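To keep things clear, I will list the structure first and then write my remarks on it.
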Amino acid sequence: MHNPGHRFQAQDRFADGAQYIAGRLARGTSGRTHAVVDPATGDEVLGYELAGAEDVDAAVAAARGAFPGWAAATPGERSDAMHRFAAELADHAEEFAQAESLQCGKPIKLTREFDVPGTIDNTAFFAGAARHLQGQSAGEYSGDHTSYVRREPIGVVGSIAPWNYPLQMAAWKILPAIAAGNTVVLKPAELTPLTSLLFAEAATRAGIPDGVVNIVTGAGRDAGEHLVGHPDVAMTSFTGSTAVGRRVAEIATSTVKRLHLELGGKAPFVVFDDADLEAAVHGAVAGSLINTGQDCTAATRAYVQRPLYEEFVARTADLMATVRLGDPFAPDTDLGPLISFAQRDRVAGFVERARSYARVVTGGEVPKGLEHGAYYRPTLVADAAQDSEIVQSELFGPVLVVLPFDSDDEGIALANDTPYGLAASAWSRDVYRANRATREIQAGCVWVNDHIPIISEMPHGGYKASGFGKDMSAYSFEEYTQIKHVMFDNTAVARKDWHRTIFGDR
């Protein structure tokens, strides 16, 4: 193990508390504490006081107070502040990478090369996009009136982010909201608040006014539900499991809030018999193991056309076995632990139950020498039935299930045969075959001959039980703005023709 002294020192950094309200760190007032644990070692790295209802109220009040001024800022002023925000993130990139690796167990090369640069790029994108919030051009549609459309911010946005990508999810929630002129109260997962707090501090240093970005770190049933149900919160944006998303929807509906949900996934990986097999094998291993499989877009169900099936299984198993598990701060570590021992045991339970009806080709165990952390070997399962638990349920771990198919019709039908529809990929050299797959697979994102890459300019969101609404890209402004039609009379006539429907023929 590397010297812990070189790692992010969370207890010192957040000695003033794990809440960020009106531009400063504060302690929670719920009377309960929580520990952030390094999943690679099981060691506590931060003990803090959880937020309660009073803290949520204070954060919402700060956001509500900041809203009029921030909404009235010009697009150029918001853009300038967000460009400074991106520069602040870049200046502190290593601190963010270390904090993210510490709280999540992510390999440092993943946080340095993916999580942090992606967040900086996303911030820079929305800094530019803030200047392009346009409605429809003015026009005369009735003949007697000029109409135009205003795109306006909604108000206070209450957002809830998950533990798998704490920094990127904080960015996805906060950036489009504030670029559009809203203010935000974000509740990160209790397990992983560190980078959300650093993100909010960077916003303040960039000159974004106090109260525009607030963080409350508390339990879902306390802080989360209170935030969603708060009467001064105009919109809820939630990323997490479909089960919790249903509860969020119930609470938000009761107060008639705008709602954005990015929920679970069970992404299919469809390999047709003309695919580049080497590319598909490498794509399957990378796409299923990214972030230790704790990714709602990760490849989880590989459907391989029968002529390639056995070779795909053998070569994928061989490549999986070469993936290096170890200390997340070691530069040569490929795969870190799962987020917690509870999550590791949950994933292991799925695999152990699958042994009774499927074949565990490789993995399926806790690696020797790494029992002190929440590690689990990359696992390939073959020959499971389509309706089996391991095919239908979201595991959120380093497990890929492989099933054969015969016709193209069958492959696409199997890909669509779960409640989820967040992401998918199709592997073929035939442009017509691939294009058919992109049309017929029911998912918010379909990659062709790749799996996982995302880009700030393109939207991310799901179909079916994977939720609705979009993160990233200019499309996300549809979630975080409301449209107002303004109509001017052009006639200066006191009595309009349509008045006769009220005044008769007088």
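Averaging over every viewing direction, what projected area does the convex hull of the Cα atoms of region 267-448 cover, in nm²?
Values: hull surface 39.0 nm².
In nm², the orientation-averaged hull projection of region 267-448 is 9.7.
Evaluate 2.2 N^0.38 Å with N set to the residue count of region 418-460, then give the Cα radius of gyration divided by it. All intermediate terms of the calculation are to be shown ahead of the outcome.
Details: Rg = 10.6 Å, N = 43, 2.2 N^0.38 = 9.2 Å.
Rg over 2.2 N^0.38 Å, computed on Cα atoms: 1.16.
Can you give me the angle between helix 431-440 and the longest principal axis of the chain, using Cα atoms only, in degrees from 0 to 90, rounded to the nearest 10?
The answer is roughly 60 degrees.
Run the numbers on the chain and let me know its relative contact order in percent, using alpha-carbon pairs under 8 Å that are six or more apart. List each step's numbers first, then the result.
Details: 1146 pairs, mean separation 88.4, N = 506.
Across the chain, relative contact order equals 17 percent.
On the principal axes of its Cα set, how long, how wide and how thick is the chain? Give whole Å, largest value first.
That gives 86, 57, 38 Å along the principal axes, largest extent first.
Taking Cα atoms, how many degrees apart are the long axis of helix 194-205 and the longest axis of the chain, rounded to 10 and kept between 0 and 90?
It works out to around 40 degrees.
In this model, which of Lys266/Lys484; Lys187/Lys266; Lys106/Lys257; Lys368/Lys470; Lys470/Lys496; Lys106/Lys266 are farther than 32 Å apart at the alpha-carbon? Working shown, then result.
Details: Lys266/Lys484 38 Å; Lys187/Lys266 25 Å; Lys106/Lys257 35 Å; Lys368/Lys470 42 Å; Lys470/Lys496 43 Å; Lys106/Lys266 21 Å.
With Cα atoms farther than 32 Å apart: Lys266/Lys484; Lys106/Lys257; Lys368/Lys470; Lys470/Lys496.
Once the Cα gyration tensor of region 9-100 is found, what semi-axes does its equivalent ellipsoid get, as square roots of 5 times the eigenvalues, in whole Å, sorted largest first?
Numbers: eigenvalues 166, 93, 13 Å².
Sorted largest first and rounded, they come to 29, 22, 8 Å.
By per-residue mean of other Cβ atoms within 10 Å, what is the highest-first order of 391-399, 439-447?
Per-residue Cβ counts within 10 Å, averaged per peptide and sorted highest first, yield 391-399, 439-447.
Which of Tyr375, Tyr463, Tyr141 has the fewest other C-beta atoms within 10 Å, and how do the rest follow up to the most?
On the way: Tyr375 25, Tyr463 18, Tyr141 9.
Ordered from fewest to most neighbouring Cβ atoms within 10 Å, Tyr375, Tyr463, Tyr141 come out as Tyr141, Tyr463, Tyr375.
Could you pull the Cα extents of region 118-219 along its three principal axes, largest to smallest, in whole Å?
If we take the Cα atoms of region 118-219, the spans are 59, 27, 25 Å.
To test your reading of the geometry: what angle, between 0 and 90 degrees and rounded to tens, separates the Cα axis of helix 116-129 from the longest principal axis of the chain?
Computed tilt is about 20 degrees.
Return the sequence-ordered ³J(HN,Hα) values of region 318-333 in whole Hz as given by the Karplus equation 6.51 cos²θ - 1.76 cosθ + 1.60 applied to θ = phi - 60°, using x for Gly and Pro.
In residue order, the calculated couplings are 4, 5, 4, 5, 8, 5, 8, 9, x, 4, x, 8, 7, x, 9, 6 Hz.
Quick one: compute the contact order of region 267-448, relative version, from alpha carbon pairs under 8 angstrom and 6+ residues apart, as a percent.
29 percent
Which ordering of His460, His485, His260 is given by a fewest-first count of other beta-carbon atoms within 10 Å?
Values: His460 22, His485 10, His260 26.
Lowest count first: His485, His460, His260.
DSSP loop (so not H, G, I, E, B), at most 12 other Cβ within 10 Å: list which trypsin sites (Lys or Arg not before Pro) in region 355-434 pass both filters.
Values: sites: Arg355, Arg359, Lys368, Arg429, Arg433; in loops: Arg355, Lys368, Arg429.
For trypsin sites (Lys or Arg not before Pro) across region 355-434 that sit outside H, G, I, E and B with at most 12 neighbouring Cβ atoms in 10 Å, the list reads Arg355, Lys368, Arg429.
Debye calculation, C-alpha points only, no solvent: report log10 I(q)/I(0) for region 331-386 at q = 0.16, 0.22, 0.27, 0.29 Å⁻¹, in the same order as the q values.
-0.51, -0.86, -1.11, -1.19
For a quick protection proxy, order the peptides 406-417, 156-167 by their average other-Cβ count within 10 Å, most packed first. Kindly include the intermediate steps, with their values, before the conclusion.
Values: 406-417: 16.8, 156-167: 25.8.
Ranking the peptides 406-417, 156-167 by packing returns 156-167, 406-417.
What does the highest-first list of 242-252, 110-120 look like by mean Cβ count within 10 Å?
On the way: 242-252: 17.5, 110-120: 21.0.
Answer by packing, highest mean first, reads 110-120, 242-252.
Please arrange Trp498, Trp172, Trp70 by how many other C-beta atoms lie within 10 Å of their C-beta, fewest to most.
Values: Trp498 9, Trp172 26, Trp70 21.
Final ranking by Cβ density, sparse to dense: Trp498, Trp70, Trp172.
What list of whole percents do you get for P(r) of region 435-506, with Cα-Cα distances grouped in 5 Å bins up to the one holding the largest distance?
In whole percents, the pair-distance histogram is 3, 11, 13, 15, 11, 6, 5, 5, 6, 9, 8, 5, 2, 1, 0.
Using Cα-Cα distances under 8 Å and only pairs 6 or more residues apart, what relative contact order does region 1-99 have, in percent? Before the final figure, lay out the partial values.
Working: 91 pairs, mean separation 23.6, N = 99.
Worked out over region 1-99, it gives 24 percent.
For region 371-465, count all C-alpha to C-alpha pairs, find those more than 17 Å apart, and express that count as a whole percent of the total. All intermediate terms of the calculation are to be shown ahead of the outcome.
Values: 2656 of 4465 pairs.
The answer is 59 percent, as a whole percent.
Throughout, read-outs are computed from the coordinates displayed, never taken from laboratory work. Only a predicted model underlies this, so the values are computations on that prediction, with no experimental measurement involved. Cβ coordinates were reconstructed from backbone atoms using ideal geometry, including for glycine residues, and neighbour counts include every protein chain displayed.
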